[in-house]
Amino acid sequence: MLDPRARRDLERAVGKERVLTRPADLAAYAYDAYGASGERRLADAVVFPTTTDAVSRAVHACAHHGLPVVPRGAGTGYAAGAVATRGGVVVNLCRMNRVLEVDPGRSRLRAEAGAVTAAIHRRAEAAGLYYPPDPGSATTSTIGGNVACDAAGPHALRYGATADHLCGATAVLGDGRIVTLGEGGDPSPLLPLLAASEGTLAVITEVLLRLIPAPAARVTLGARFAGMEGAAAAVAEITRRGIVPAALEFLDRSAVDAVAHAGVSDVEPGAALVLVELEGGDAAAVGAEADSVVEALEAAGGGAVSPASDAAEVARLWAVRKAVSAAVATIMVGKVNEDVVVPRDRIAELVARTEEIGARHAVPVVNFGHLGDGNLHVTFLVDPRRPGERAHGDAAAEDLFEAVLGMGGSLSGEHGVGTTKLAYAGRQLGAGGADLMRRLKSRYDPAGRLNPGIKLPAPTQAS
């Protein structure tokens, strides 16, 4: 129950109509995409500031009353990282959703944290520029959340993740102070730390992004494979030829079958799919790379290999890739979706392990992801309405984490740690890495008020 004095101060900070405290209202913000299959954590309040100054006032009020602060965007995360683990106040940035400026001369774009990623893509494109990070949730996720989890997407293979395009930011610290970082502001080491910080160091309110020239030439190819081994061999051959695609994506047979079953995109079931996209400033050079990639795909056993013939075919290929998340929901009500990373020469091994894990826990599994950098999205399908089934999915995820750590991999490529991977984070980081993270947290949020219980392993969890 929120203290009436705290509620009064929050209402003064952001406006009475922008403060929610009724349990029925709070329930909508008690989970993210992970919790959509079951878990709920009610905050004491949710506030909707519309300016950086309002965020500052709200965070200052929380500091005065000793309330935790949970920054939140669209709630599309799969790691329970934007929910109130210890009560407190969710600061929802969704109403700060403007693209404030596009500067073609400097190749820069400035936006509020609640701007939807797809809107940033559109504004960059309209200026003849390109913002490459394109997470699967781009039509709903916000740029502040992208920074907080260092979101990537298919084109990270060539262009990097969100952190590689972050030039500046405005943020609010845990005591309510406003800081301007990077270009045009303080050259503080906090700016690069904001990427993947998951709201534990500051509340991001604005970002300044680096754009690049739009590629003059682009070729998109699709190839069908009987299994993961051939797809992995194709990646090895493409790499051996010195080609760095803009995107190199993989859908296993279960993922393709799910898309075909759902009817959300036109694709033939019964085989895995590899999607390759090549980009550059010289059409002849890109065409030559495409010919070489076709040879590599066919040599690895790929079937029906050919460049997309027109824009409609390109759109169809990408629609298959982007339809997976929605498609699996037509097969099973819920899912446990993880985004682990292993050395790419072991990704075929990991896919085989996921199938064993799924069979052991009696949960179907779908694999897809960024084949070029070893980032695999492993989705265990569950029906949370059936008693104990969500527990089966969580147990399968735990076995997945054990397998990934055993391969020298990472628990997350872009979804973050949140609470769902916290028990394993210390093992990946080691005692030294975990201690460094805690010291950085203490440096920028000494009161430990920002998103407590998220991302940072307890001292006893690191070894």
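Could you list, in sequence order, the residues of the stretch 206-228 that are among the hydrophobic types (A, V, I, L, M, F, W, C), buried (at least 18 other Cβ atoms within 10 Å of the Cβ) and farther than 30 Å from PRO71 by Cα?
Within the stretch 206-228, VAL219, LEU221, ALA223, PHE225, MET228 qualify.
May I ask you to list the residues in the stretch 435-463 that are over 22 Å from the mean Cα position of the chain (by Cα), modelled with pLDDT under 90 and either surrounded by 14 or more Cβ atoms within 10 Å (Cβ to Cβ) or not hydroxyl-bearing (Ser, Thr, Tyr) (or both)? First the steps, then the outcome.
Taking the stretch 435-463 and keeping what is over 22 Å from the mean Cα position of the chain (by Cα), we get 435-436, 438-440, 442-449, 458-463.
Remaining after also requiring modelled with pLDDT under 90: 458-463.
Matches in the stretch 435-463: ALA458, PRO459, GLN461, ALA462.
Take the stretch 330-345 and flag every residue that is part of a helix (DSSP H, G or I) and either at pLDDT 95 or above or in contact with a Gly (Cβ under 7 Å, 6 or more places away or on another chain) (or both).
Selection gives ARG344 alone.
Here are THR76, THR85: which of them is β-branched (Val, Ile, Thr) and surrounded by 19 or more Cβ atoms within 10 Å (Cβ to Cβ)?
THR76
Please state which of the following conditions GLY301 fails to meet, knowing it meets all the rest: (1) at positive phi; (2) loosely packed, with under 15 Cβ neighbours inside 10 Å.
It is condition (2) that GLY301 fails.
What number of residues in the stretch 326-336 are surrounded by fewer than 22 Cβ atoms within 10 Å (Cβ to Cβ) and not hydrophobic (A, V, I, L, M, F, W, C)?
2
Against the definition (touching a helix residue (DSSP H, G or I) at 6+ places or on another chain (Cβ under 9 Å), free of Cβ contacts under 8 Å to residues at least 40 places away in the same chain, on the phi > 0 side of the Ramachandran plot and not aliphatic (A, V, I, L, M)), how does GLY176 come out, yes or no?
no
Condition test on THR51, is it polar (S, T, N, Q), touching a strand residue (DSSP E or B) at 6+ places or on another chain (Cβ under 6 Å) and more than 17 Å from ILE454 (Cα to Cα)? Can you show your working first?
Numbers: polar (S, T, N, Q): yes; touching a strand residue (DSSP E or B) at 6+ places or on another chain (Cβ under 6 Å): no; more than 17 Å from ILE454 (Cα to Cα): yes.
So THR51 fails the test.
GLY222: assigned to a strand (DSSP E or B) and not aliphatic (A, V, I, L, M), yes or no?
Yes.
Could you identify the single residue in ALA118, ALA113, ALA74, ALA84 that is touching a Lys or Arg at 6+ places or on another chain (Cβ under 9 Å) and of a type outside the set (Val, Ile, Thr)?
Answer to the check: ALA84.
Does GLY153 count as at positive phi and among the small types (Gly, Ala, Ser)?
So GLY153 fits the description; yes.
In the stretch 178-210, how many are more than 22 Å from GLY416 (Cβ to Cβ) and among the polar types (S, T, N, Q)?
2
Taking into account only those residues within the stretch 255-273 that are at pLDDT 85 or above and under 19 Å from ALA308 (Cβ atoms), which is surrounded by the fewest Cβ atoms within 10 Å (Cβ to Cβ)?
For the stretch 255-273, the residue satisfying everything is GLU268.
Return a yes/no flag: does the stretch 188-202 have any residue that is in contact with a strand residue (DSSP E or B) (Cβ under 8 Å, 6 or more places away or on another chain) and either acidic (Asp, Glu) or outside the structural domain of ASN146 (by TED's automatic domain parsing) (or both).
No, there is no match, as no residue in the stretch 188-202 is in contact with a strand residue (DSSP E or B) (Cβ under 8 Å, 6 or more places away or on another chain) and either acidic (Asp, Glu) or outside the structural domain of ASN146 (by TED's automatic domain parsing) (or both).
Considering each of ALA232, ALA163, ALA169, ALA196 in turn, give the residue that is part of a loop (DSSP other than H, G, I, E, B) and either touching a Lys or Arg at 6+ places or on another chain (Cβ under 8 Å) or at pLDDT 95 or above (or both).
On the way: ALA232 fails: part of a loop (DSSP other than H, G, I, E, B); ALA163 fails: part of a loop (DSSP other than H, G, I, E, B); ALA169 fails: part of a loop (DSSP other than H, G, I, E, B).
Criteria check complete, one pass: ALA196.
Looking at VAL363, VAL351, VAL378, which is the one that is buried (at least 21 other Cβ atoms within 10 Å of the Cβ) and either assigned to a helix (DSSP H, G or I) or free of Cβ contacts under 8 Å to residues at least 24 places away in the same chain (or both)?
VAL351
Looking only at the stretch 411-432, decide whether some residue is in contact with a helix residue (DSSP H, G or I) (Cβ under 8 Å, 6 or more places away or on another chain), basic (Lys, Arg), farther than 29 Å from MET228 by Cβ and in the same structural domain as ALA63 (by TED's automatic domain parsing).
No: the stretch 411-432 contains no residue that is in contact with a helix residue (DSSP H, G or I) (Cβ under 8 Å, 6 or more places away or on another chain), basic (Lys, Arg), farther than 29 Å from MET228 by Cβ and in the same structural domain as ALA63 (by TED's automatic domain parsing).
Of GLU249, GLU277, GLU237, which residue is of a type outside the set (S, T, N, Q), assigned to a helix (DSSP H, G or I) and modelled with pLDDT of 90 or more?
Values: GLU249 fails: assigned to a helix (DSSP H, G or I); GLU277 fails: assigned to a helix (DSSP H, G or I).
So the residue among GLU249, GLU277, GLU237 that is of a type outside the set (S, T, N, Q), assigned to a helix (DSSP H, G or I) and modelled with pLDDT of 90 or more is GLU237.
Filter the stretch 229-253 for residues that are surrounded by fewer than 22 Cβ atoms within 10 Å (Cβ to Cβ) and farther than 17 Å from GLU298 by Cβ and give the result.
GLY242, VAL244, ARG253
Under 9 Å between Cβ atoms, at least 6 apart or on separate chains: pull out the pairs that start in the stretch 3-19 with a residue that is acidic (Asp, Glu) and end on any residue that is assigned to a loop (DSSP other than H, G, I, E, B).
Hits for this filter: ASP3/ASP44; ASP3/LEU67; GLU17/PHE48.
Given the structure, is LEU181 under 18 Å from THR142 (Cα atoms), aliphatic (A, V, I, L, M) and crowded, with 22+ Cβ neighbours inside 10 Å?
Working: under 18 Å from THR142 (Cα atoms): no; aliphatic (A, V, I, L, M): yes; crowded, with 22+ Cβ neighbours inside 10 Å: yes.
No, not satisfied.
Within the stretch 393-434, track down each residue that is small (Gly, Ala, Ser), buried (at least 18 other Cβ atoms within 10 Å of the Cβ) and not in a helix (DSSP H, G or I).
In the first step, residues of the stretch 393-434 are kept if they are small (Gly, Ala, Ser); the result is 393, 395-397, 403, 406, 408-410, 412-413, 416, 418, 423, 425-426, 430-434.
Right, trim to buried (at least 18 other Cβ atoms within 10 Å of the Cβ) and you get 393, 396-397, 403, 409, 412-413, 416, 418, 425-426, 434.
GLY409, SER412, GLY413, GLY416, GLY418 - these are the residues of the stretch 393-434 that are small (Gly, Ala, Ser), buried (at least 18 other Cβ atoms within 10 Å of the Cβ) and not in a helix (DSSP H, G or I).
The values are calculated or read from the model by the stated rules, or taken from the named source; none is laboratory data. Everything numeric in this text was worked out from a predicted model, so none of it was measured. FYI the Cβ positions are ideal-geometry reconstructions off the backbone, even for glycines, and counts take in every protein chain you see.
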